[in-house]
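Novice: Pasting a structure below so you can have a look.
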Amino acid sequence: MYAEHFSEPATSHVASAPIEHQFYPYASNGGTILAIAGADYALLAGDTRHITGYSINTRFRPSIHTLENLGGPERAIVVAANGFSADGDALVRRLAQRAEWYTYNHNKPLSVSACARLVQTMLYGKRTFPYYVHTIVAGLDESGRGEVYSFDPVGSYEREQCRAGGSAASLLMPFLDNQVNKKNQYDAATGLPQVATDLPLEETLKLVKDAFSSVTERHIHVGDYLEIKIVTKEGVKVEYFPLKRD
Amino acid sequence: MDHMPENWGRPRNDVYGEYQSAIHNAGQGPQSRTQTPSITGTSVIAMKFDNGVMLAADNLGSYGSLARFTDQERLIKVGNETVVGISGDASDQQYIELLLERLLIEDNYPQDGHHLRAPHIYEYLSRVMYNRRSKIDPLWNAILVAGKNDDGSPFLGYVDLLGVTYSSPSIATGYGAYLAIPLMRKIVSEEADAKNVSEEQARKVIDECMKVLFYRDARSLDKYTVATVTLDGEVKMDKNVRCQNMNWRFAEGIRGYGTQKQ
Amino acid sequence: MGGFSFDNYQRNKFLTAKGYPVPTATATGTTIVGCRFDGGVVIAADTRATEGEIVADKNCEKLHRMSPNIWCAGAGTAADCEMVTQLISSNLELHAMSTGRAPRVVTCLTMLKQHLFKYQGHVGAYLIVAGCDPTGPKLFSIHAHGSTDVGYYLSLGSGSMAAMATLESKWKSSMTKQEAMDLCAEAIEAGIWNDLGSGSNVDMCVMEVNKPAVLHRNYRTPNERSIKQKSYVFPRGTTAYLNEKVKPMIKPVAYDIFEETVTSTGGEQMEIDG
């Protein structure tokens, strides 16, 4: 019945296209990451499950990397690159090397903002054959405030209060908008929109654990363990939290 | 005026030097390096136990669905205390063996007291695999590396044609990931579980997995090699092992595919 | 005429050629198994239903009743499993009424496979059929294209290999009911832990000769949700609104009765059958 209105395109590849078996240099290895910046801390968390397809490769593969830095433990930078894990590893290794050489060359700590700009150039340097990863860099700025930078695969980046990346980012992000940035929440007394305030670390940790245990319920890629790295003026603290394994 | 049209619109020779006509004469399109494997080996399986790591791989070299070679060795001893298990393309496997031989020779300084351990070989292989995938010219394999860490603890790692790497107390490539992993994870799911598993227990599970793989993987063989790396730095290669106590008796009671009775 | 409507075939082909994605049906990742024992047969399933990477239902039912003594576990396209089992179940009931006997498992098997074969795999139902009838306990599997298989132990779905690994290493001939139940539960659990398409709980159905089938809904529940660390109750007034209008749901209407007439419908009966 629609045939008289639409003539079939000459290059219709519905049934006739030959199947090409060629090498595809990317894969998806699942996992989800989440970063939140506070007044005196920055936190980067991610689940430790590594997958291909419907299989769990390993239940425990910590993916949050710490870049040691000059100028004391509070200057440490945490970084995670989630997506195609081989690219993520390559990026993080290269970044760690560049960060180390930066401190040797300049004899000063690498600031988180400088690290973020470095990540941008490294990602954009592979613009034509991108690292297939969502990258997040977190740490403390000169005044000791938490800062979080997030990147798309080819280097576009932004400083943010909080950001989720990876498989279940679309499930986590609306929850963070609501709970961290107080979006869609109004003050009952004044009727004015609630304003985002810095969450205390204790609250943030509870929030992150709840976020991941909830996402584990509804996303098949997420589970096994949650790794949380917290940067404070004391340095980097690591916490592990068990998640469901099904 | 240059009257030769093929020279028009090109950088001037007096400024830029002789034009490289190789560029002009290059063939159409990019060079194609894409490959598909031809002779292949199926799963390699491995698990940690209290005193080391145990691996197994069968001896079949498949040519598509043809069982072409039945005496392929896919577990390779590298140095004195490391075993590399390779599944996938056989020609790429032999090239990897060549690379590892070269690496060993290159690194062989008897005086320095250092020798290559599993983590070093694993690091080398994962760099090779990732660099080849980044050239879109992959080595069509999935590889397991088993041995000891520098601190003497057991080491087991996976790397494949994409350069994807991971570690786990029980790993398998190919169909082993679906059929052997569920059985191996029953006794070593976590790193800590390996301490409660003896070599005998591990061997029992590995043999069971190879049997299940022979039952259900159509590209497998009931003849295989089991390699054991122990923490005392010993590598045992148990070759030409056969699947034992297989049970095909259930077939006696089955007639047809539904309504048939005889 | 029943069956599929192909009205949009040409249009969809055109849209696909223009680059619009083809809508995909939910192919549920699943683990289902079946196992015979002395005097009966047991089938089991996990309870996770997925839409791609998202868990659509954490405790869905994949065990379908075909007749009181025949049950079916379904994998593949959720809707196809549901509809094909409903249809054949109805036909089986009609068949039972016309013959005056309880339906046999092979009858159910044949009706399912003939229906699926007719649709050449487009009805994406992968089933394990089991039950007890006067000929004894029976266990079959059916693929979407209509082929069937007989076995003492069977598994299907994305977790079928994890389950089959368990079955292949633990199955033995002449098992007791409890042994078969434990084996099936363990096979499903292998799928739950190792296959991302399967998860949550184990459902089970035991069919014994000359006994009513017993459904063990949530036979094992190894994935209870943990308690949340925080409370997420919003205080009243958190959600904004543009305006407020209160409308009574029930309008108080006063009826005045002017006259009352009673009419007879006479001999005319309401038509109930067209």
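Novice: Please report how many Lys pairs in region C:1-149 have alpha carbons closer than 25 angstrom, counting only residues at least 8 apart along the chain or sitting on separate chains.
Specialist: So the count works out to 6.
Novice: Once the other residues with Cβ under 14 Å from the Cβ of C:Gly146 are scored (Lys, Arg +1; Asp, Glu -1), what is the net sum? Provide the component values of the computation, followed by the final result.
Specialist: Working: positive: C:Lys113, C:Lys118; negative: C:Asp80, C:Asp149.
Result for the neighbourhood of C:Gly146: 0.
Novice: Average partner chain C-beta neighbours within 10 Å, per residue of C:138-144? Please list the in-between numbers first.
Specialist: Numbers: counts 1, 0, 3, 1, 1, 0, 0.
Mean shielding count: 1.
Novice: Between helix C:105-118 and chain C, what is the angle of the helix's C-alpha long axis to the longest principal axis, kept within 0 to 90° and rounded to the nearest 10?
Specialist: Helix C:105-118 sits at roughly 70 degrees to that axis.
Novice: Let me ask something else about it. If you take the square roots of the eigenvalues of the alpha-carbon gyration tensor of chain B and sort them as a ≥ b ≥ c, do you get rounded (a/c under 1.5), prolate (a/b over b/c) or oblate? Mind showing how you got there, number by number?
Specialist: Values: a/c = 3.09, a/b = 1.61, b/c = 1.93.
Oblate.
Novice: Here's something else I'd like to know. What order do you get for C:Arg225, A:Arg61 when you list them from fewest to most C-beta neighbours inside 10 Å?
Specialist: C:Arg225, A:Arg61
Novice: What's the exposure ranking of B:Arg249, B:Arg203, C:Arg11, going from fewest to most Cβ atoms within 10 Å?
Specialist: Going from least to most buried by this count: B:Arg249, C:Arg11, B:Arg203.
Novice: Once R0 is set to 30 Å, what does the formula 1/(1 + (r/R0)^6) return for the Cβ-Cβ distance between C:Val253 and A:Ala188, expressed as a FRET efficiency to the nearest 0.05?
Specialist: It comes to 0.20.
Novice: For chain A, set up a GNM with springs between Cα atoms under 10 Å and report which of A:Ser28, A:Ser170, A:Ser150 has the largest fluctuation.
Specialist: Taking springs between Cα atoms under 10 Å, the residue moving most is A:Ser170.
Novice: If you don't mind, another one. Sticking with the crude label model, points 7 Å out along Cα→Cβ, report the distance from B:Leu99 to C:Thr176 in nm, one decimal please.
Specialist: 5.6 nm
Novice: Right, here's the next one. Provide a whole-number value for the mean count of partner chain Cβ atoms within 10 Å of the Cβ atoms in peptide C:11-21.
Specialist: That average works out to 4.
Novice: Taking neighbour Cβ counts within 10 Å as the exposure measure, how do B:Trp8, C:Trp193 sort from fewest upward?
Specialist: Starting with the residue having the fewest Cβ neighbours, the order is B:Trp8, C:Trp193.
Novice: Next question, about the same structure. Within 10 Å of each Cβ of A:57-64, how many other protein chain Cβ atoms are there on average?
Specialist: 5
Novice: Then there is this: Would you calculate, for the protein assembly as shown, the mean residue ellipticity at 222 nm contributed by helices, counting each DSSP H stretch of 4 or more residues as -39,500 (n - 2.57) and dividing by all residues, to the nearest 500?
Specialist: Only helices count here, giving -8500 deg cm²/dmol.
Novice: My understanding is that a pair violates if its Cα-Cα distance is over 28 Å; which of A:Lys244/B:Lys148; B:Lys48/C:Lys228; B:Lys223/C:Lys177; A:Lys206/A:Lys244 do that in this structure?
Specialist: Values: A:Lys244/B:Lys148 31 Å; B:Lys48/C:Lys228 35 Å; B:Lys223/C:Lys177 36 Å; A:Lys206/A:Lys244 17 Å.
With Cα atoms farther than 28 Å apart: A:Lys244/B:Lys148; B:Lys48/C:Lys228; B:Lys223/C:Lys177.
Novice: Across region B:137-245, what fraction of all alpha-carbon pairs, as a whole percent, falls in each successive 5 Å bin from zero upward?
Specialist: Per 5 Å bin, starting at zero, the Cα-Cα P(r) for region B:137-245 comes out as 2, 10, 19, 24, 23, 15, 5, 1, 0 percent.
Novice: Rounded to the nearest angstrom and ordered from largest down, what semi-axes does the equivalent ellipsoid of the protein assembly as shown get from its C-alpha gyration tensor (root of 5λ)?
Specialist: Working: eigenvalues 483, 327, 198 Å².
After scaling each eigenvalue by five and taking roots: 49, 40, 31 Å.
Novice: I would also like to ask the following. At a Förster distance of 51 Å, what's the computed FRET efficiency of B:Lys204 paired with A:Asn181, Cβ-Cβ distance as r, to 0.05?
Specialist: Numbers: r = 55 Å, r/R0 = 1.08.
With R0 = 51 Å, the Cβ-Cβ based efficiency is 0.40.
No value in this document is a laboratory result; all are computed from the given coordinates. Small disclaimer: the values here were computed from a predicted structure and weren't measured. Positions of Cβ are generated from backbone atoms using ideal geometry, with glycine treated the same way; all protein chains shown enter the neighbour counts.
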